[in-house]
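Colleague: What follows is a single structure, and I will ask about it in a moment.
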Amino acid sequence: MSSTIIRLAIQKSGRLSEKSHELIDECDIHYSKSSRGLRTLAANFPIEFLYLRDDDIPEYVADGVADIGIVGENVVVEKQKPVEIRERLGFSKCRLSLAVPKDRNYNGPQDLHGMSIATSYPVILRQFLAQHNVPAKAHVISGSVEIAPSIGLADAICDIVSTGSTLLSNGLKEVEQIFKSEAVLIATPGLTNEKRAILEKLLLRIRAVQRAQNYRYIMMNSPNDRVDDVIALLPGLKSPTVVPLAISNWSALHTVVNEDVFWETIEKLKELGVEGILVIPIEKMFA
Ligand code: PRT
Ligand code: ZN
């Protein structure tokens, strides 16, 4: 057996770490959780984890110290390192936004003219300002960006927003969403064929986990004369499994549906006389 392993950089501690570990667990990759030092080798998959600060991940991946990494797309774009985004992971969603003190008038990017804007994302901010042809100054600070206007350090800020409550509690209002972000899996461009093959195996697992997250396996009992109507309501992957029940004129239906579709159709299913509806989470789903 080949001894090649792939190295995955993940955030040591912070907003990405828990979800990154969850994803690895859901991929059935086992590793020691007690020894989260700098690195850990998985027990049942050729992968080693490197625990790093998120800001360093694009560079480590670009340099090939790590082969792949999980990091916010905002950091990937800001750092401008030559890495490939291989998969969007759907967690740690946020946006990079411009915010100004709440009593300040704002009618568009031209109102930023001559302002000093505090940010930890100067590259993305300057791109935005250049696109809109607005001369303004990026004042680079590494943390607590939201307090900059109130202490007179800047006129506006450009920072990550998730719920918006940090802006609100600092008397700021969001006026432009510059960039939407989520966690992404990045890879070094020059992976060897062996490592590429391991990455494909990992992506197969990640995609199966992600696909499954939005779907539910549902089982229900329906009067036989309503089975066609029930099937018409439920756009499953393929046609549902229909099996007769021990009592006459009733059948059990099993199918896989998108969770949104399920919630949209539940009342209609009940109106059709469907009973005993069971909804079961799906662990993995393959295309
Ligand atoms: O120590 P290390 O350098 O590794 O971590 P860090 O402190 O630099 O990053 P961390 O853990 O805070 O964030 C990691 C990534 O999570 C970011 O790069 C984003 O991709 C993503 N993410 C998602 C967020 C948020 N949501 C978020 N809300 N990153 C930061 N915030 C901060 C934001 O800076 C602001 O201070 O939360 C505040 C705003 O949140 P709301 O909910 O009040 O709007
Ligand atoms: Zn960081």
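Colleague: Hey, how many Å between the Cα centroid of the stretch 22-43 and the Cα centroid of the stretch 197-222?
Modeller: The two parts, judged by their Cα centres, are 20 Å apart.
Colleague: Can you run phi through the Karplus equation (6.51, -1.76, 1.60; θ = phi - 60°) for the stretch 219-235 and list ³J(HN,Hα) in whole Hz, with x for Gly and Pro?
Modeller: 10, 7, 10, 9, x, 4, 6, 10, 4, 5, 5, 5, 4, 5, 7, 10, x
Colleague: Number of Lys pairs in the stretch 1-137 with C-alpha atoms less than 29 angstrom apart, excluding same-chain neighbours closer than eight positions?
Modeller: 16
Colleague: Across the Cα atoms of the stretch 12-128, what radius of gyration and what greatest pairwise Cα-Cα distance (Dmax) are found, in Å?
Modeller: 18.2, 58
Colleague: Quick check on the chain: helices-only [θ] at 222 nm, where DSSP H runs of length 4 and up contribute -39,500 (n - 2.57) each and the sum goes over total residues. Nearest 500, please.
Modeller: Result for the chain, helices only: -8000 deg cm²/dmol.
Colleague: Turning to a different aspect of this structure: Taking the Cα centre of the chain as origin and charging only Cβ (+1 Lys, Arg; -1 Asp, Glu), how large is the dipole, in debye to the nearest 20?
Modeller: Charge dipole, the chain, about its Cα centre: 560 debye, nearest 20.
Colleague: Mean-square fluctuation check for the chain, GNM, Cα pairs under 10 Å: which of Lys195, Lys79, Lys238 is largest?
Modeller: Lys238
Colleague: A further question on this structure: Which ordering of Asp159, Asp225, Asp103 is given by a fewest-first count of other beta-carbon atoms within 10 Å?
Modeller: With the fewest neighbours first, Asp159, Asp225, Asp103 line up as Asp103, Asp225, Asp159.
Colleague: By the scheme Lys and Arg +1, Asp and Glu -1, what is the net charge of all other residues having a beta-carbon under 13 Å from that of His254?
Modeller: Value of the local net charge: +2.
Colleague: One quarter of the convex hull surface, Cα atoms only: what value does that give for the stretch 141-182 in nm²?
Modeller: 3.2 nm²
Colleague: Further question: The chain: D in µm²/s via Stokes-Einstein (Kirkwood Rh, Cα pairs, 37 °C, 0.692 mPa s)?
Modeller: The calculation lands on 146 µm²/s.
Colleague: In the Gaussian network model of the chain, springs joining C-alpha atoms below 10 Å, which of Ala66, Ala246, Ala43 carries the largest mean-square fluctuation?
Modeller: So, out of Ala66, Ala246, Ala43, the one fluctuating most is Ala246.
Colleague: In addition: Taking H as built 1.01 Å from N, whose amide H comes closer than 5 Å to the amide H of Trp250, not counting residues under 5 places away?
Modeller: Here the answer is Asn224, Leu245, since their amide H atoms fall under 5 Å of that of Trp250.
Colleague: Give me Cys158, Cys27 ranked fewest to most by other Cβ atoms within 10 Å of their Cβ, as a rough exposure proxy.
Modeller: Sorted ascending by nearby Cβ count, the order is Cys27, Cys158.
Colleague: Another one. Amide H neighbours of Ala66 under 5 Å, at least 5 residues apart or on other chains, H built in the peptide plane: list them.
Modeller: So Ala66 has HN proximity to Val61.
Computed from the coordinates by the stated procedures, all read-outs in this text should not be read as laboratory data. All of these numbers come straight from a predicted model, not from anything done at the bench. With ideal geometry, Cβ positions are generated from the backbone for all residues, glycine too; neighbour counts draw on all protein chains shown.
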